[in-house]
Amino acid sequence: MNFEESTLPLTELLLKNGFSVSKSSINCKEYSLGSILISIFYNEREHLLFIQIGSDHNSLNELSPEVVKSVFNDDQYRLQSTLTIDNLVSFLKAKGQSILSGDISKINEINEFSVKQSREYTADLIYRQNLKVVDKAWNEQNYSDFIKGIDKIDHKRLPESYLKKYKIAVGKL
């Protein structure tokens, strides 16, 4: 089955609900209704389907099982890494009906969720980078840099061993 055939159930559902096909190519389709844009892209190399939703091309966010669970309180896809066309059609007919009706508030919630996830990911990345710096300083017995590094990290997130090392480093200086 090719991409066009596989997206037919979705296309029929969206057209029936007032959406129009705004772009169509070999492995990509976009649907729009007012200020809602749904983009479907199939990556042949990885055999993955990417579903994005937003108010325009600059605000597209992936509609993943995690987003569906968090924003729409629907965890039936929790064991999947991505949604399929059939999953998307089922979701839109049930908990995702607000999208079909053109409710931009859910699009905004998806965007807020994506921004929050991005911030959390970045904060975790910085945390892990800071831990590497303080580990290196500790191993080199550079207690001054160790203390400076620990002071950059939220102490509530630190394992107790780092707090004990912190006290030792302060004592050494």
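If I filter segment 60-83 down to residues being among the hydrophobic types (A, V, I, L, M, F, W, C) and at pLDDT 90 or above, which single residue comes out as surrounded by the most Cβ atoms within 10 Å (Cβ to Cβ)? Spell out the reasoning first.
We begin by selecting, within segment 60-83, every residue among the hydrophobic types (A, V, I, L, M, F, W, C); these are 60, 63, 67-68, 71-72, 79, 83.
From what is left, the residues that are at pLDDT 90 or above are 60, 63, 67-68, 71-72.
On the way: Leu60: 21, Leu63: 27, Val67: 21, Val68: 24, Val71: 22, Phe72: 19.
In this case the residue turns out to be Leu63.
Looking at segment 90-110, which of its residues are within 15 Å of the chain's Cα centre (by Cα) and either open to solvent by 60 Å² or more (accessible area, probe 1.4 Å) or more than 21 Å from Ser32 (Cβ to Cβ) (or both)?
Asn108, Glu109
Among the listed residues Asn2, Asn87, identify the single one that is at pLDDT below 90, farther than 19 Å from Gln117 by Cα, of a type outside the set (Phe, Trp, Tyr) and open to solvent by less than 30 Å² (accessible area, probe 1.4 Å).
Details: Asn2 fails: open to solvent by less than 30 Å² (accessible area, probe 1.4 Å).
Only one candidate passes the filter, namely Asn87.
What do you reckon, is Phe113 in contact with a helix residue (DSSP H, G or I) (Cβ under 9 Å, 6 or more places away or on another chain), of a type in the set (Phe, Trp, Tyr), over 25 Å from Lys16 (Cα atoms) and in a helix (DSSP H, G or I)? Outline the logic, then answer.
On the way: in contact with a helix residue (DSSP H, G or I) (Cβ under 9 Å, 6 or more places away or on another chain): yes; of a type in the set (Phe, Trp, Tyr): yes; over 25 Å from Lys16 (Cα atoms): yes; in a helix (DSSP H, G or I): yes.
Considered against the rule, which asks whether it is in contact with a helix residue (DSSP H, G or I) (Cβ under 9 Å, 6 or more places away or on another chain), of a type in the set (Phe, Trp, Tyr), over 25 Å from Lys16 (Cα atoms) and in a helix (DSSP H, G or I), Phe113 comes out as yes.
With (1) over 23 Å from Ser6 (Cβ atoms); (2) touching a strand residue (DSSP E or B) at 6+ places or on another chain (Cβ under 6 Å); (3) free of Cβ contacts under 8 Å to residues at least 40 places away in the same chain as the list, and Ser98 as the residue in question, which single condition is left unmet?
Going through the list (1) over 23 Å from Ser6 (Cβ atoms); (2) touching a strand residue (DSSP E or B) at 6+ places or on another chain (Cβ under 6 Å); (3) free of Cβ contacts under 8 Å to residues at least 40 places away in the same chain, Ser98 breaks only (2).
Going through segment 22-35 one residue at a time, which ones are of a type in the set (A, V, I, L, M, F, W, C) and either more than 25 Å from the chain's Cα centre (by Cα) or within 20 Å of Leu83 (Cα to Cα) (or both)?
Within segment 22-35, the first condition is being of a type in the set (A, V, I, L, M, F, W, C), and the residues that meet it are 26, 28, 33.
Hits for segment 22-35 are Ile26, Cys28.
The values are calculated or read from the model by the stated rules, or taken from the named source; none is laboratory data. Not measured: the values here are computed from a predicted model. Methodologically, a virtual Cβ is constructed for each residue, glycine included, from the backbone with ideal geometry; neighbour enumeration extends over all protein chains shown. Ligands, DNA and RNA are stripped out before the accessible areas are found, and what is left, the full protein with its side chains, is counted by its heavy atoms. Shrake-Rupley method; radii C 1.70, N 1.55, O 1.52, S 1.80 Å.
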